[in-house]
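*Asks:* Below is the structure I would like to discuss, written out as structure tokens.
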């Protein structure tokens, strides 16, 4: 059962670049995630395992996978404990230009599938994951801001552009909140990088050109992904503390 869940969300996309984020950096990041979330998860009778290997003799099994891929699966034990499995393949860390904060955002997204809340995918599994849009929203609104404290800013925080600066100052009043907003937008550049480097759907996304489509209902299809622009809009709204966008969300 566990192995079936582990492989549930795996899709293969070839990638052979040298890692931009190193294995020691990744392991340090994993430690930060455990430091931030383990106590909270234990209080809910659950645990989190990141890149748990199928064979203890190969602890870096998933890191050695060359695909640009990350995934989540949940497992409910007979005793009622939930295990949140988060996976990030080494090929994702090897995307040219990727940094450790971007990897943190992706792990936030995968964790969001487990603890991000409603709406949930209609997967038929005992542990139903949050839909992709909700995982994006959880990652941007709640998780990445908690994780960035483990990566102190190096010098003054600069806005990506005037549009981002204005949006952050409109949404937040205190300097620490504005700086955290600007830092979170900097992390979103890694999401935009990922969208641009998908071999099957290279897509440019924009902060100031939101998706205009309106969803008639929330898709609970376990294989449904909003468009890259809609996903970026979701993360932008999350950072700014606004409601989820209507391109996938229906109140």
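*Asks:* Check the range 101-112 and report whether any residue there is closer than 20 Å to residue 228 by Cα and not in a helix (DSSP H, G or I).
*Replies:* Initially, the range 101-112 is screened for residues closer than 20 Å to residue 228 by Cα, giving 101-112.
Okay, now just the ones that are also not in a helix (DSSP H, G or I), so none.
No: the range 101-112 contains no residue that is closer than 20 Å to residue 228 by Cα and not in a helix (DSSP H, G or I).
*Asks:* Given (1) touching a residue at least 40 places away in the same chain (Cβ under 8 Å); (2) surrounded by fewer than 21 Cβ atoms within 10 Å (Cβ to Cβ); (3) more than 15 Å from residue 70 (Cα to Cα), identify the lone condition not met by residue 118.
*Replies:* (1)
Quick note: the coordinates plus some simple rules give every number you see, no bench work behind them. The structure presented is a predicted model; accordingly, all values stated were derived computationally and were not measured. Cβ sites come from the backbone with ideal geometry, for glycine too, and all protein chains shown count toward neighbours.
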